[in-house]
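Everything below concerns the one structure shown next.
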Amino acid sequence: MSLLHRTSGPLTRELLLQPSGFGLGQLPARLKPEATTRTVCGYCSTGCNLNVHLQDGQAVSLSPTTEYPVNLGMACPKGWEALTVLDAPDRATTPLLRDANSKLQPTSWRTGVMTFVERFKAIQEKHGKESVAFISTGQIPTEEMAFLGALAKFGMGIKHGDGNTRQCMATAVVAYKQAFGFDAPPYTYQDFEESDVIVLVGSNLCLAHPIMWERVMRNPHRPEIIVVDPRMTETAMAATQHLPLAPKSDLDLFYGIARILIERDWLDDRFIAEHTTGFDEFRQFVQAYSIEHVTIATGLSKEVIERFAQTIHEGKRVSFWWTMGVNQSHQGVRTAQALINLALMTGNIGKPGTGANSITGQCNAMGSRLFSNTTSLLGGHDFANAAHREKVATTLGIDPSVIPTEASWSYHEILEGVLRGKIKGLWVICTNPAHSWINQSHCREILERLDFLVVQDMYSTTETAREADLVLPAAGWGEKDGSFINSERRIGVIKKVKKAPGQALSDFAIFRSIAEAWGCGAMFRDWTSPSAVFEIMKKLSRGQPCDITGIRDYAHVEAEGGIQWPLSEADVSATLQAQRRLFADGRFYHADGRAKFLFEVPRPIPEGPSDRFPFVLLTGRGTASQWHTQTRTSKSDVLRKLYPARVYVEINLADARRSGIKSGDRVRVTSQRGNLEATAFVTPTLQRGQVFIPMHYEECNRLTDAVFDPYSKQPSYKACAVALTTLGGASLQPTRSA
């Protein structure tokens, strides 16, 4: 059980503030800070603000900013250790080029950049412009994302480029666009403290977003906390209601809840009539989802389901929140929209403590969604819209003909393009697909087929960098300037507080060098610095739902404690509120100003248990001290002490007892795609027939199944079929409920 739940707010904050026992008073006298600056943390989407304490202009320690409206003086273990990981011995410090003997050897920046340009141009000349692609990230500043997307698509003629946000946020993006007319998370973190009913779906908030969980703990209304999750997670243990439904049956559940609300007339009829479309069709659709149907589909009792519906009805301020348990699903878009439907039909949107609220994963996934120029044109525009292309071209002073007229292939389509011989060169920036991509072994085989693979990253030792033909050493968080946009749409400033090691450069500087060497430098003559690009981003956002023309500069953002979009020039005359939510006026972004009810018949889990593979594998966050592929968190001595060093598999107590398995035993986990060896951890927090492996360990994605949501193209990481055997060869079988 995590220390973060079952504790009071003040005690929780104390635990969060000093996870490693480091305080300013413990610093040697010669390292006492002489100055302090503020920056936004570079890990998750929460967007905490940190005071960085400087000595001789270099960071020596940090502490959470007490008055920042996001974290209010709190930081999680990762935030406290953010500086430590910058000093890792395996930092990429010089360009590396693979030689004739297939060894990566140090080379100069000039040789590295010229090789990049020559090889990519040669591939394009032989196979066409679309034979080169890029895969980007949600973890670099927005200004760098915009530069990369503009350089690649407008300057280099690269049509296909996607981000690793496809792995975490694509479902929420599509769900919001279809339902609201724009990718617009409506909430502010203050809603955690103002709800009297908080519904968390597929979200282990306590571990994945501990500062947001602390905001829940600060709620003075003694809220009902309802967790919908197959596992008894740390968050579920602290809930007032836990609904341990069958994996991927949540769509049936939410349609059944909607039917109950309709049958009992627990609706906001006025809101539905004035601000939505499609409700009559939705009313007819959910008639098929009787309580009997839902109990069979989910495994939940009638009493549990009816209590859930009753709690929503009785709540005055109900908020619905989801993360990867919804997004990483074969039907994630419709599941997210089922939650949006519940918020719309009860009028729980646009008001304090309400909303259908997607919590982002990476620190700048929101920046990527709006400005990376991957599947959406810069500023949240549409590649297929001629007026949008003309506006962007005019703003940037470029020929509209260089802007693609359709969106890029998605991440998996790019990899399939490699498999089909359509993509020959790939540029990977600040992400690690050889570890993180679904069905990992197949991904690595695909990468091996490339004529030229370039990896641009902080570390030369990532699983993907080890496969590269060229490694470009990049500065990390804390070594460059720019801005992030967090889950609640808050723009925050990040700053350079340390010098990057060796010859490592900011991604911004690398993009400028490539632009000049490619011969398109003149196109980016105004892109001289991150702050200059921020001004360009403001112009690109003009008239969009994400309009930020009212922001003066970085200093303005800092002075306000971060600024949530939108803030147009017309807004600046009003007093700027620290917490602002969308849709308070009931107006959405579709042409008619209304939100849409969207729905679809649920589809069965793509790979359910069988005689050969009798268990369902669940994946997710392991601890609050681990992050994604552990590229950074594994570099911290402190963080490594807070999580198991080796991969482990959680097994239900009854299943383990039947097979004589004890915690600490070694077992083999096998799917149709691969296998791994793991340490067994026997626990009652899983249902029978289910096992759980944290996503952070390299081996995990040997098992996962390459299934994708048809609308968002997001991978379904969360559930597939596996078998368990002891290393002696004995097979484990799940027990059945009496």
Quiz prompt | HN-Hα J in Hz across segment 299-306 - Karplus 6.51, -1.76, 1.60, θ = phi - 60°, x for Gly and Pro | solution = x, 8, 7, 4, 5, 5, 5, 5
Practice problem: Could you run the Karplus curve 6.51 cos²θ - 1.76 cosθ + 1.60 with θ = phi - 60° over segment 685-692 and give me ³J(HN,Hα) per residue in whole Hz, x for Gly and Pro? | Solution: 7, 9, 6, 4, x, 10, 10, 9
Quiz item: Given the pairs 177/713; 248/718; 121/424; 159/480, which span a C-alpha to C-alpha distance of over 18 angstrom in this model?
Solution: 159/480
Quiz item: For segment 519-670, what does the alpha-carbon gyration tensor say about shape, rounded, prolate or oblate, given a ≥ b ≥ c as the root eigenvalues, a/c under 1.5 as rounded, and a/b over b/c as prolate?
Solution: prolate
Exercise. Assuming a ≥ b ≥ c are the square roots of the Cα gyration tensor eigenvalues, decide whether segment 369-486 counts as rounded (a/c under 1.5), prolate (otherwise, with a/b larger than b/c) or oblate.
Key: oblate
Quiz item: If we sort 148-154, 358-364 on the protection proxy, mean other Cβ atoms within 10 Å, highest first, what's the order?
Solution: 358-364, 148-154
Practice problem: As a check on your grasp of the helix formula, calculate [θ] at 222 nm for the chain: sum -39500 (n - 2.57) over DSSP H runs of n ≥ 4, divide by the residue count, round to the nearest 500. | Solution: -8500 deg cm²/dmol
Self-check item: segment 505-552 - Debye-derived log10 I(q)/I(0), Cα point model, q = 0.20, 0.30 Å⁻¹
Solution: -0.72, -1.03
Practice problem: Any chance you could get the radius of gyration and Dmax over the Cα atoms of segment 140-243, in Å? | Solution: 18.3, 55
Quiz prompt | Loop trypsin sites (Lys or Arg not before Pro), segment 82-132, which have at most 14 other Cβ atoms in a 10 Å radius of their Cβ (DSSP) | solution = 103
Self-check item: Residues of the chain: accessible area per residue with a 1.4 Å probe, Å²
Solution: 35 Å²
Quiz prompt | Residues whose placed amide H lies under 5 Å from that of residue 378, excluding near-sequence neighbours | solution = 373
Quiz item: FRET efficiency for residue 293 and residue 449, Cβ-Cβ distance as r, R0 = 41 Å, nearest 0.05?
Solution: 0.35
Quiz prompt | Loop sites in segment 306-410: trypsin sites (Lys or Arg not before Pro), DSSP, at most 16 other Cβ within 10 Å | solution = 316
Exercise. Report the extension gain between residue 516 and residue 125 in nm, rounded to one decimal, defined as 0.36 nm multiplied by the number of residues separating them, less their alpha carbon distance.
Key: 138.9 nm
Practice problem: Could you name the lysines whose alpha carbon sits less than 24 Å from that of residue 662, not counting residues in the same chain fewer than 8 places away? | Solution: 641
Exercise. Report the local net charge at residue 546: Lys and Arg +1, Asp and Glu -1, summed over other residues whose C-beta lies under 12 Å from its C-beta.
Key: +2
Quiz item: What is the sum of charges around residue 462, taking Lys and Arg as +1, Asp and Glu as -1, for the other residues whose C-beta is under 11 Å from the C-beta of residue 462?
Solution: -3
Quiz item: Check residue 496: other-chain or 5+ apart residues with amide H under 5 Å from its amide H, H built from backbone geometry?
Solution: 480, 481
Exercise. Take the alpha carbon gyration tensor of segment 136-180, find the square roots of its eigenvalues, order them as a ≥ b ≥ c, and report rounded if a/c is under 1.5; if not, report prolate when a/b exceeds b/c, else oblate.
Key: prolate
Quiz item: Per the 1.4 Å probe, what fraction of the accessible area of the chain, in percent, lies on carbon and sulfur atoms?
Solution: 49 percent
Quiz item: To two decimal places, what compactness ratio does the chain give when its Cα radius of gyration is scaled by 2.2 N^0.38 Å?
Solution: 0.92
Self-check item: Hull volume in cubic angstrom per residue (convex hull over the Cα atoms of segment 540-613)
Solution: 218 Å³
Quiz item: Scaled to the compact-protein estimate 2.2 N^0.38 Å, what is the alpha-carbon radius of gyration of segment 432-556, rounded to two decimal places?
Solution: 1.28
Practice problem: Would you tell me the accessible area of residue 107, worked out with a 1.4 angstrom probe on the heavy atoms of the protein chains, in Å² to the nearest 10? | Solution: 30 Å²
Exercise. Pick out, from 504, 181, 537, the residue whose Cα sits farthest towards the positive end of the charge dipole of the chain, with +1 on the Cβ of Lys and Arg and -1 on the Cβ of Asp and Glu.
Key: 504
Exercise. With a cut-off of at most 12 other beta carbons within 10 Å, and DSSP calling the residue loop, which trypsin sites (Lys or Arg not before Pro) in segment 242-298 qualify? Please list them.
Key: 264
Quiz item: In square nanometres, what is one fourth of the surface area of the convex hull spanned by the alpha carbons of segment 196-241?
Solution: 2.7 nm²
Quiz item: Can you give the net charge of the other residues whose Cβ lies under 13 Å from the Cβ of residue 185, counting K and R as +1 and D and E as -1?
Solution: +3
Quiz item: According to the Cα gyration tensor, what semi-axes, each the square root of 5 times an eigenvalue, does the equivalent ellipsoid of segment 298-427 have, listed from largest to smallest in whole Å?
Solution: 39, 21, 12
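The values are calculated or read from the model by the stated rules, or taken from the named source; none is laboratory data. Just so it is clear, the structure is predicted and the values come from calculations on it, not from any experiment. Positions of Cβ are backbone-derived with ideal geometry, glycine not excepted, and every protein chain shown enters the neighbour counts. Surface areas here come from the heavy atoms of the whole protein model, side chains and all, with no ligands, DNA or RNA. Shrake-Rupley method; radii C 1.70, N 1.55, O 1.52, S 1.80 Å.
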